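A.B. asks: Sending over a structure as structure tokens; questions will come in a sec.
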Amino acid sequence: MLKRTALFENHRAAGGRLIDFGGWELPVQYTGVLDEHTTCRKAVGLFDVSHMGEFLVDGPDSEAFLNYCLTNDVSTLVDGQAQYTVLCQHDGGIVDDLLVYKRSAGSYLVVVNASNVDKDFDWMSKTHREKNFQCSFRNVSSEYTQIAIQGRFAEKTLQKLTRTDLSKMAYYHFAEGSVLGEAAFIARTGYTGEDGFEVYLAWDKGPALWDALLDAGKEFGIKPCGLGARDSLRLEVKFPLYGNELDSQTNPLEAGLGWVTKLGKSDFVGKTALETQKMQGIKKRLVGVKLLGAGIPRQGYKILHPESGEAIGVITSGTHAPSIGAPIALGYVPNGFEKVGTKLVVEIRNQKVPAEVTPTPFYKRDY
Amino acid sequence: MSYPSTLRYTKDHEWAKLDGNVVTVGITHHAQDALGDIVFVELPAVGRSLKKGETFGVVESIKAVSDLYSPLSGKVVESNEPLAGETSLLNSSPHDKAWIIKVEISSPAEFNELMTADQYTAFIESLK
């Protein structure tokens, strides 16, 4: 039996095409991926991301606990600030990428990928136990609906439903206020490359907020968007996806996440392995790949050496980019092949298609 | 969407239309609907020989890749090259403007083995 979010009936009523996404029955599209993608880029899109997991950390050792589990430096956060970070194994392999929201001293909200909720909670709980951190660590994933409002009219749409002054909220900051009169976390974060918000509120308050947002955004052309558009939007701005760019065989330095890997801070899980990696030289690099011939690179397609034809890497994500009107892809190449313009070959159904390393992100918003 | 009775259909969701000894081939409404917005099509070279059931090309949407299977044996005499630059026709006009190839068939009997519109409609109902 697939799990359903609180918004399941809203999706069904709106004609969402429901699929099994990591055990969740969620809409891959409503009107069509191209239309939804473009709506988010040009206006505003609404996403049900309630399948994401939420953990709460409270108590005197909260900061120490999170700083020991995660690669980024939690101690730099001020109250009401969010941080992108990585959870590693001891060998530096990635368990998940996630967001930490600092509510106040000793109180944090941690948001993780849907498919990794149990794995992350078990792994962090093990550390919590072993090191005897004095803080509570709770998995509250089933208690929250999460709705993302993304696009240039996101602020104007959401502002109609909350007294929190959104114009004063900076990127990667959040407030605990109310939306439609219900208590909510309102964060200026997202996974689309557009301005936008992610709202967390009590599970059963989701449907009313979803409908109210569709109504509030009507004048801007708001539309519900499915997982298909969520994937193409994130890929255009090179946001990595766990299971594609990130996995236990890849470390954050290889994935281009050195900027959230603070080797200068005190000890954390994976630090020693990552320091060794950095000293010995990183073996593979995540790059943007542009085809010079016809086709669309897809996850799992081989990257070949342009002369020897030997397999040297792999495409991790690839699609036709709606905002660009051309195929785009990300993939891993060996160290030394990461420079923009480096020639590569991508194997597409036994055809060898010339390609090259291209600058990323593929899309940047213009406002 | 109705399935024209002038066409015959396959379980791989291709259609075929006979005109003399040449068959025009495309994908069905059901196929395009399942795929979503089609953004890429790979066509075979003119002159290529195809066996019934052989892969002759690919259509791709943003999310999915789908092989095209020849409904009949024969030789490709025409590929709809302009379609590559206007793949949205595969969504908007799958049974008409978005024909994919024309094949000079080697066995007319194969055509009669394909499903009629009624049979195909029943077949897709059975998939639900």
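A.B. asks: Taking A:Ala294 and the conditions (1) over 22 Å from B:Glu42 (Cα atoms); (2) modelled with pLDDT under 95, which numbered condition does it fall short on, given that it satisfies the others?
C.D. replies: For A:Ala294, the failing item is (1).
A.B. asks: If you go through the range A:61-83 one residue at a time, how many are of a type in the set (S, T, N, Q), closer than 16 Å to A:Ser266 by Cα and crowded, with 16+ Cβ neighbours inside 10 Å?
C.D. replies: Residues flagged as of a type in the set (S, T, N, Q), closer than 16 Å to A:Ser266 by Cα and crowded, with 16+ Cβ neighbours inside 10 Å within the range A:61-83 amount to 4.
A.B. asks: Next question. Here is a list of conditions, (1) farther than 30 Å from A:Ser125 by Cα; (2) surrounded by fewer than 22 Cβ atoms within 10 Å (Cβ to Cβ), and A:Gly23 meets all of them except one; can you say which number that is?
C.D. replies: (1)
A.B. asks: Could you count how many residues in the range B:5-62 are within 30 Å of A:Ala326 (Cβ to Cβ) and in contact with a helix residue (DSSP H, G or I) (Cβ under 7 Å, 6 or more places away or on another chain)?
C.D. replies: Counting residues in the range B:5-62 that are within 30 Å of A:Ala326 (Cβ to Cβ) and in contact with a helix residue (DSSP H, G or I) (Cβ under 7 Å, 6 or more places away or on another chain) gives 12.
A.B. asks: OK, next. Of the residues A:Ala321, A:Ala273, which is within 14 Å of another protein chain (Cβ to nearest Cβ) and under 25 Å from the mean Cα position of the chain (by Cα)?
C.D. replies: Unique residue meeting the criteria: A:Ala321.
A.B. asks: Go over the candidates A:Val78, A:Val111, A:Val86 one by one and state the one that is in contact with a strand residue (DSSP E or B) (Cβ under 8 Å, 6 or more places away or on another chain) and not in a strand (DSSP E or B).
C.D. replies: Of A:Val78, A:Val111, A:Val86, the one residue that is in contact with a strand residue (DSSP E or B) (Cβ under 8 Å, 6 or more places away or on another chain) and not in a strand (DSSP E or B) is A:Val78.
A.B. asks: Inspect all residues belonging to the range A:229-241 and state whether any of them is among the small types (Gly, Ala, Ser), at pLDDT 95 or above and closer than 27 Å to A:Arg365 by Cα.
C.D. replies: Yes, that holds for at least one residue.
A.B. asks: Continuing with this model, one more query. Which members of the range A:228-241 meet the condition of being in contact with a helix residue (DSSP H, G or I) (Cβ under 7 Å, 6 or more places away or on another chain) and surrounded by 20 or more Cβ atoms within 10 Å (Cβ to Cβ)?
C.D. replies: Within the range A:228-241, A:Gly228, A:Ala229, A:Ser232, A:Leu233 qualify.
Results for (1) of a type outside the set (Phe, Trp, Tyr); (2) in a strand (DSSP E or B); (3) under 19 Å from A:Glu338 (Cβ atoms); (4) away from chain B (no Cβ under 14 Å), shown as yes or no for each residue.
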| residue | (1), (2), (3), (4) |
| --- | --- |
| A:Thr192 | yes, no, no, yes |
| A:Gly206 | yes, no, no, yes |
| A:Leu214 | yes, no, no, yes |
| A:Ser232 | yes, no, no, no |
| A:Gln249 | yes, no, yes, yes |
| A:Gly256 | yes, no, yes, yes |
| A:Gly264 | yes, no, no, yes |
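A.B. asks: Output the residues belonging to the range A:1-31 that are in contact with a helix residue (DSSP H, G or I) (Cβ under 8 Å, 6 or more places away or on another chain) and without any contact (Cβ under 8 Å) to a residue 40 or more places away in the chain.
C.D. replies: Correct list: A:Leu18, A:Glu25.
A.B. asks: Read through the list (1) closer than 20 Å to B:Val58 by Cβ; (2) surrounded by 22 or more Cβ atoms within 10 Å (Cβ to Cβ); (3) within 23 Å of the chain's Cα centre (by Cα), then give the number of the only condition that A:Ile303 fails.
C.D. replies: Only one criterion in (1) closer than 20 Å to B:Val58 by Cβ; (2) surrounded by 22 or more Cβ atoms within 10 Å (Cβ to Cβ); (3) within 23 Å of the chain's Cα centre (by Cα) is unmet by A:Ile303, namely (3).
A.B. asks: Considering each of A:Gly228, A:Gly300, A:Gly295 in turn, give the residue that is in contact (Cβ under 8 Å) with a residue 12 or more places away in the chain, of a type outside the set (Ser, Thr, Tyr) and either outside any loop (DSSP other than H, G, I, E, B) or at negative phi (or both).
C.D. replies: A:Gly228
A.B. asks: For the condition over 28 Å from A:Asn67 (Cβ atoms) and surrounded by fewer than 20 Cβ atoms within 10 Å (Cβ to Cβ), what is the one hit in A:Asp195, A:Asp118?
C.D. replies: The match here is A:Asp195.
The rows are residues; the columns are (1) in contact (Cβ under 8 Å) with a residue 40 or more places away in the chain; (2) not aromatic (Phe, Trp, Tyr).
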site: B:Thr28; (1), (2): yes, yes
site: B:Asp37; (1), (2): yes, yes
site: B:Val46; (1), (2): no, yes
site: B:Phe56; (1), (2): yes, no
site: B:Ile62; (1), (2): no, yes
site: B:Leu83; (1), (2): yes, yes
site: B:Ile100; (1), (2): yes, yes
site: B:Phe111; (1), (2): yes, no
site: B:Thr116; (1), (2): yes, yes
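A.B. asks: Out of everything in the range B:32-54 that is of a type in the set (Val, Ile, Thr) and more than 9 Å from chain A (Cβ to nearest Cβ), what residue ends up being surrounded by the fewest Cβ atoms within 10 Å (Cβ to Cβ)?
C.D. replies: Once the filter is applied, the top-ranked residue is B:Val46.
A.B. asks: Which is within 14 Å of chain A (Cβ to nearest Cβ) and in a helix (DSSP H, G or I), of B:Leu83, B:Leu68?
C.D. replies: One residue alone meets the criteria, B:Leu83.
A.B. asks: In the range A:16-53, what residues are in contact with a strand residue (DSSP E or B) (Cβ under 7 Å, 6 or more places away or on another chain), modelled with pLDDT of 95 or more, more than 14 Å from chain B (Cβ to nearest Cβ) and assigned to a loop (DSSP other than H, G, I, E, B)?
C.D. replies: Of everything in the range A:16-53, those that are in contact with a strand residue (DSSP E or B) (Cβ under 7 Å, 6 or more places away or on another chain), modelled with pLDDT of 95 or more, more than 14 Å from chain B (Cβ to nearest Cβ) and assigned to a loop (DSSP other than H, G, I, E, B) turn out to be A:Val44, A:Val49, A:Ser50, A:His51, A:Met52.
A.B. asks: Any residue in the range A:306-318 that is surrounded by fewer than 16 Cβ atoms within 10 Å (Cβ to Cβ), within 14 Å of chain B (Cβ to nearest Cβ) and among the β-branched types (Val, Ile, Thr)?
C.D. replies: No; the residues of the range A:306-318 include none that is surrounded by fewer than 16 Cβ atoms within 10 Å (Cβ to Cβ), within 14 Å of chain B (Cβ to nearest Cβ) and among the β-branched types (Val, Ile, Thr).
The values are calculated or read from the model by the stated rules, or taken from the named source; none is laboratory data. Just so it is clear, the structure is predicted and the values come from calculations on it, not from any experiment. Cβ sites come from the backbone with ideal geometry, for glycine too, and all protein chains shown count toward neighbours.
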